[in-house]
Every structure is written in C-alpha cells, then in structure tokens.
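Notes for the one structure printed next.
The values are calculated or read from the model by the stated rules, or taken from the named source; none is laboratory data. Remember, it's a predicted structure, so these values are computed and weren't measured experimentally. Here the Cβ is made from the backbone with ideal geometry for all residues, glycine too, and neighbour counts use every protein chain on show. Please note that ligands, DNA and RNA were not included when accessible areas were found on the heavy atoms of the full protein model with its side chains. Shrake-Rupley method; radii C 1.70, N 1.55, O 1.52, S 1.80 Å.
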Amino acid sequence: MWSAKDVARATVRRQLDSPGDRGPYEWDPEDLAEQRVARHTEWRRITALMDAQGWPVYSPEQDVQGSTWARERDAQREGALARRAAWQMEQQDARDELKTQVWLSADVSRRLRAIAARTGLEPEQVLAQLADQVRMNDDGALTVDTFTPR
C-alpha cells in the first residue's frame, strides 16, 4: 500500500521528467508533494464529513468549508494564470527586441550627441525614438516626420 507521500513523490518524479522550460513557474518538487498530501487530506476530510452527515453522495453545496476553499483556490488559480500570461508576454517581448550596435561617422555622432545633450537623453534613447517614428512609403522609401525627442 502506498502512502500519500509515496504517491506525491512518484507524481513529482513524473512531472519533473516532462520537458519544457517554465522559467520562474518551474515546478517546485516540495510544493508538488505538499499539494498531493493536501489533496489526500481533503479526500479524507470529505469522507469523514459524508460519514458524519450520512450522505450517500457528496454534495458541494452542503459542504460550506469545502466550497469556501474551492472559491479561494479558483481565485488563486486565476491570479497565477494571469501572472504566467504576463510573464510569457514579457518573454515574447524580450525575444522580439532588437539590440544592435551602430557605427556612425564622427560628424553624425557629434550631431547626435548634441541633440541628446539638449534633450537630456542618452544618444541611444534619441535613436530609439527616431526608429519609432520611421515609416515606409509604398515605394519603399523610409521617411520620418518632424518630431521632438522626449
């Protein structure tokens, strides 16, 4: 007969063997084991409640404590899903970012530094804002409307 801890350990091993990078949302083996033990304890609580109340079938509507816990778990789950979606979006944005080095002539570099100094920005920030303003015409020509770096 397997104990709750044995079942939890086996489940953790199976889940840890599954591929995939979850980043900060990677499975914590101790947390998974605790979840399995908690589920086993909850099933024992439900069994005891059904025996004490004489219910032939479990009814969540009559289990006030269990229903409260279920609502709390749902709220926690929704929060965790929202945080994971935000993290995944950040990861996608990081993959989509472009980092590059630009070698400019001395004359262009001096003008860029002068513009940056007047605006209180770094030269890289001015270039980033300039790149945000670039549009491509139908004929493939790049244009930038007059703008003020902020």
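A few remarks follow.
- Two-site label geometry, GLU122 and VAL57: point separation in nm, points 7 Å out along Cα→Cβ: 6.6 nm
- Once the Cα-Cα distance is subtracted from the 0.36 nm per residue extended length, the ARG111 to ARG9 segment shows a gain of 30.3 nm.
- Sites matching trypsin sites (Lys or Arg not before Pro) across the stretch 90-139 that sit in DSSP coil, with at most 10 neighbouring C-beta atoms within 10 Å: LYS99
- Förster radius 22 Å - calculated FRET efficiency between VAL134 and ALA94, Cβ distance, rounded to 0.05: 0.50
- Surface accessible to a 1.4 Å probe, per residue, for the residues of the chain, Å²: 83 Å²
- Net +/- balance of residues flanking ARG77 in space, Cβ distance below 15 Å, scoring K and R +1, D and E -1: +1
- Per-atom-type breakdown for the stretch 110-150 gives carbon and sulfur 51% of the accessible area (1.4 Å probe, protein chains only).
- Put simply, the convex hull of the Cα atoms in the stretch 27-76 casts, on average, a shadow of 3.9 nm².
- Sparsely packed chymotrypsin sites (Phe, Trp or Tyr not before Pro) within the stretch 74-150, loop by DSSP, other Cβ within 10 Å at most 13: TRP103, PHE147
- A simple charge model with +1 on the Cβ of Lys and Arg, -1 on the Cβ of Asp and Glu and nothing else charged puts the dipole of the chain at about 320 debye relative to its Cα centre.
- The stretch 27-98: GluC sites (Glu not before Pro) in DSSP coil with no more than 11 other Cβ atoms inside 10 Å: GLU97
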